[in-house]
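Below is one structure, written out as structure tokens; comments come after it.
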Amino acid sequence: MDAKESKPLRHGYTTGACATAAAQAALEALIVQEPQRQSTIRLPIGQDVTFEIVACEVEEHRASAEIIKDGGDDPDATHGARIICEVSWRETPGIELDGGVGVGRVTKPGLPVEVGQAAINPVPRKMIREAVEAVLNRYELNRGVRVVVSVPDGEEIAKKTLNARLGIVGGISILGTRGIVVPFSTAAYKASVAQAIRVAVKGGCSHVVLSTGGRTEKFGMEMYPKLPEEAFVEMGDFVGFALQQCARQGIRKVTLVGMMGKFSKVAQGVMMVHSKSAPVDFGFLARMAEEAGASETVVRKIAEANTASQVGDMMHELGCRLFFDVMCAYCCRSLLQEAGGSSSSGFEVETVIISMKAELLGRMSMTKESGGYSVRQEGDF
């Protein structure tokens, strides 16, 4: 491992932490009537952090402060975003918090923020309120304050997030529970998957379609055009996590749409299907081909293949449909086992495997019943 690879990854800061520091600086500027250059806040994890204020405007009754969001070494859509807080005095005591340009507004139930409110999550709301109260107390002021959080490019940034699917329109969410962004953390993505499933449940969905990415999601939407938009959730590599969330939240049927590479792992019971988590087992693929009646020559070619996609294309070209039936059956059984207790009460899983060219390779649905498995294959749908 070279020096670059061994260098520790740098933490970043959440949009919630940035908004808190900007709100604090803006209020300080309003009170003293002088622009601020820095703002030090305490993060929920107990760490003090100083943020640079890149712009600060002060008028008699209002002030604003701007921070550039630093995501550290985390590949975050909001990295580099301008987080601006404007504060102004209210005629009545209390703190009013709202979102401005580029901060989304909640339109669907199931999120931690009520419908109609700005998409500023509970922890950032608490952080901003406490920071404002601390500044007022320091200057011994008993005045009402209005805080508006804006992200000028937020509506464009939101297109790279799940916000539209979650029913958050007009911009990004102000997020964060710890204040810091852990580099390449899976926590944020898993939280968004769980949230998307909650929105589906709140919207009355009993059938959710989980996909591994954009192409597979599009295929699922074409397969189930009558399902509402919130029924479609991009689970990424977190197959087991997403499935368990569906089962726990009362979803009755889960359709999983993916390609050969990731689903060859699911067939073996591997539920975290990132390329680095587990390599494709070509010996296992060869055994499935043998089970499907493939010739020794084909089985040998599969064992020596370079990619799972190559194997799928080979079997598709040979017209070996049974290979994909076998693979779907393995996937369905693994998924029902992963779902746990819910799989014994009519919980249904459907596996849909497609090619890189978005061609259907295999489809099977399975429900665990007292006497065994109830199975539906492609022709039964």
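Every number in this text was worked out from the coordinates using simple rules, so none of it is lab data. What you see is a predicted model; the values in this text were computed from it and never measured. Virtual Cβ from ideal backbone geometry, glycine too; neighbours counted across all protein chains shown.
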Do any GluC sites (Glu not before Pro) in region 111-197 lie in a loop, going by DSSP, with at most 11 other beta-carbon atoms within 10 Å of their beta carbon, and if so which?
Glu114, Glu140
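Suppose a student asked you for the relative contact order of the chain, using Cα pairs under 8 Å spaced at least 6 residues apart; what percent would you report?
13
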Roughly how many Å is it from the Cα centre of region 288-347 to that of region 70-148, as a whole number?
50
Sort Lys357, Lys126 so that the residue with the fewest other Cβ atoms within 10 Å of its own Cβ comes first and the one with the most comes last.
Lys357, Lys126
Proximal charge balance of Gln38 [Cβ under 15 Å; K/R count +1, D/E count -1]:
-4
When the helix-only estimate is applied to the chain (DSSP H runs of n ≥ 4, each -39,500 (n - 2.57), divided by the residue count), what is the mean residue ellipticity at 222 nm, nearest 500 deg cm²/dmol?
-10500 deg cm²/dmol
The exposure ranking of Lys265, Lys253, Lys226, fewest beta-carbon neighbours within 10 Å first, is Lys226, Lys253, Lys265
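So in the chain, what percent of DSSP beta bridges are antiparallel if you round to the nearest 5?
Looking only at bridges with both residues in the chain, the antiparallel portion is about 65 percent.
What net charge do the residues around Ala196 carry, taking every other residue with its C-beta under 9 Å from that of Ala196, with Lys and Arg at +1 and Asp and Glu at -1? Numbers along the way, then the final one.
Details: positive: Arg165, Arg198; negative: Glu230, Glu234.
Computed value for this residue: 0.
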Starting from the coordinates of the alpha-carbon atoms of the chain, obtain the Kirkwood hydrodynamic radius over all distinct pairs and give the value in Å to one decimal.
23.1
For labels at Lys226 and Asp48 in the simple 7 Å Cα→Cβ model, what's the distance in nm?
6.2
Give me the lysines in straight-line cross-link reach of Lys253: C-alpha distance below 17 Å, same-chain residues under 8 apart excluded.
Lys202, Lys226, Lys368
Please rank Ser374, Ser192, Ser64, fewest neighbouring Cβ atoms within 10 Å first, as an exposure proxy.
Ser374, Ser192, Ser64
Can you tell me the Rg and Dmax of region 244-293, counting just the alpha carbons, in angstroms?
13.4, 40
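Once you order the gyration tensor axes a ≥ b ≥ c over the Cα atoms, which shape class does region 3-181 get: rounded for a/c under 1.5, otherwise prolate or oblate by comparing a/b with b/c? Please list the in-between numbers first.
On the way: a/c = 1.79, a/b = 1.22, b/c = 1.47.
Note, shape of region 3-181 comes out oblate.
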List the GluC sites (Glu not before Pro) within region 267-348 that DSSP assigns to loop and that have no more than 10 neighbouring Cβ atoms inside 10 Å.
Glu304
Output the peptides 360-366, 47-53 sorted from most to least packed, where packing is the average of other Cβ atoms within 10 Å over each peptide's residues.
360-366, 47-53
